[in-house]
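Below: one structure, written as structure tokens.
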Amino acid sequence: MPFVICDVDDVLLEMGQISHLTEASLIEPLTRHFGAAQGEGVQREFMRSIGIMRQQLGNPSSVVDDRYQDIMARMAWWQRGVTEAGYEVKIWSRHALIACALEACALPVTAAVVNDVTDHYWAFVAQHAAVYSDAAALIQELWRAHIPVHLATGSDGFLIFDEPRQTFVYDPEDAIQRKLDRLQGLYELGFQPEQISIGDPVGKPSPAFFHSALRDFSQHLGCEIDLGQTIAIGDSLTHDILPLLELGAGHGVWLQRETPAPNPELVSPHPNVDVVTQLDAQRLHALFDRLM
């Protein structure tokens, strides 16, 4: 029996354009706290950092932008309370990125501002993120064919600001629940929370995260899945697909909806990875036939 393990954001849920609109919308709470000019400065710094991070996500693991390293150093500093408790830095934490942006603009970092801005951010995402039409059609076809699907999505980096200590702390269970709360569109497709593994406390591309996702998948099905007959679908080769291939997954589907064709040097070492620009049930069935 074939199996599918699929990423969520930018694969099933349309996040690219929504993310840009969400980042632009931050001017509202920031202006409320600091006025238009300073609010625009914080928003601009936040968007600059996010842009650098997204660019790094598309780079080979051996290519690291100096600007990205600078951002990660500040993120680590603001998350001292997270790492002191034994957890990994939440790279994509909007809470910590807002703190970094406020710091860069020489503005005070307070719980009131961080919480107000990030609550606005995630409420906007939950309200506007939609399921891609091709993703909805694919999932419906997989359900009809009785092909099990499990979702493996990264952490949203929900943190709690300890203002007196000027650092963030972390509650993995709270972070998981808050991400599940924003994935309502997936429940309308027929998914249950038990079919979604979230990268808290350990996230992508750690093998530990994918081992946990595989355990969740098997537990929900009540049987061990056959990795050799499993297809991994995601929009990041290094974060969604290669870790599962290294564990024994049979094939990968690298979805590149709105980005240029990837460098052939990234794909050529991986003949069992298909690069696609949209999700196609017929193509997936053909891959299943090859794996059986």
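The values are calculated or read from the model by the stated rules, or taken from the named source; none is laboratory data. Note that the structure is a prediction, hence the values are computed from the model and not measured. Methodologically, a virtual Cβ is constructed for each residue, glycine included, from the backbone with ideal geometry; neighbour enumeration extends over all protein chains shown.
Could you figure out which of (1) small (Gly, Ala, Ser); (2) without any contact (Cβ under 8 Å) to a residue 40 or more places away in the chain; (3) in contact with a Cys (Cβ under 8 Å, 6 or more places away or on another chain) isn't true of residue 152?
(2)
Out of 168, 161, which single residue is in contact with a Gly (Cβ under 8 Å, 6 or more places away or on another chain), assigned to a strand (DSSP E or B) and in contact (Cβ under 8 Å) with a residue 12 or more places away in the chain?
After ruling out the rest, the residue left standing is 168.
Count, please, the residues in the range 172-205 that happen to be of a type in the set (Asp, Glu) and under 15 Å from residue 96 (Cβ atoms).
Going through the range 172-205 one residue at a time, the tally reaches 1.
Quick one: residue 133 ticks every box in (1) more than 29 Å from residue 97 (Cβ to Cβ); (2) in contact (Cβ under 8 Å) with a residue 24 or more places away in the chain except a single one, so which number is it?
Condition (2) is where residue 133 drops out.
Could you tell me whether residue 227 is of a type outside the set (Lys, Arg) and over 11 Å from residue 5 (Cα atoms)?
no
What is the residue count in the range 63-101 for residues that are closer than 17 Å to residue 47 by Cα and of a type in the set (Val, Ile, Thr)?
Adding up the residues that qualify gives 3.
Identify all residues within the range 213-234 that are without any contact (Cβ under 8 Å) to a residue 40 or more places away in the chain and touching a Ser or Thr at 6+ places or on another chain (Cβ under 6 Å); write none if there are none.
The one that is without any contact (Cβ under 8 Å) to a residue 40 or more places away in the chain and touching a Ser or Thr at 6+ places or on another chain (Cβ under 6 Å): 224.
Conditions tested, residue by residue: (1) within 22 Å of residue 141 (Cβ to Cβ); (2) of a type in the set (S, T, N, Q); (3) assigned to a helix (DSSP H, G or I).
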{"site": "176", "(1), (2), (3)": "no, no, yes"}
{"site": "197", "(1), (2), (3)": "no, yes, no"}
{"site": "216", "(1), (2), (3)": "no, no, yes"}
{"site": "239", "(1), (2), (3)": "no, no, yes"}
{"site": "252", "(1), (2), (3)": "yes, no, no"}
{"site": "257", "(1), (2), (3)": "yes, no, no"}
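So, of the residues in the range 206-248 that are more than 18 Å from the chain's Cα centre (by Cα) and closer than 17 Å to residue 283 by Cβ, which turns out to be surrounded by the fewest Cβ atoms within 10 Å (Cβ to Cβ)?
Once the filter is applied, the top-ranked residue is 229.
Pairs please, first residue from the range 188-200 and free of Cβ contacts under 8 Å to residues at least 24 places away in the same chain, second anywhere and hydrophobic (A, V, I, L, M, F, W, C), Cβ atoms under 7 Å, 6+ apart in sequence or on different chains.
193/180
Inspect all residues belonging to the range 34-47 and state whether any of them is hydrophobic (A, V, I, L, M, F, W, C), modelled with pLDDT under 90 and either at negative phi or surrounded by 20 or more Cβ atoms within 10 Å (Cβ to Cβ) (or both).
Within the range 34-47, none of the residues are hydrophobic (A, V, I, L, M, F, W, C), modelled with pLDDT under 90 and either at negative phi or surrounded by 20 or more Cβ atoms within 10 Å (Cβ to Cβ) (or both).
Of all residues in the range 9-24, how many are buried (at least 18 other Cβ atoms within 10 Å of the Cβ), in a helix (DSSP H, G or I) and of a type outside the set (A, V, I, L, M, F, W, C)?
Of the residues in that region, 3 qualify.
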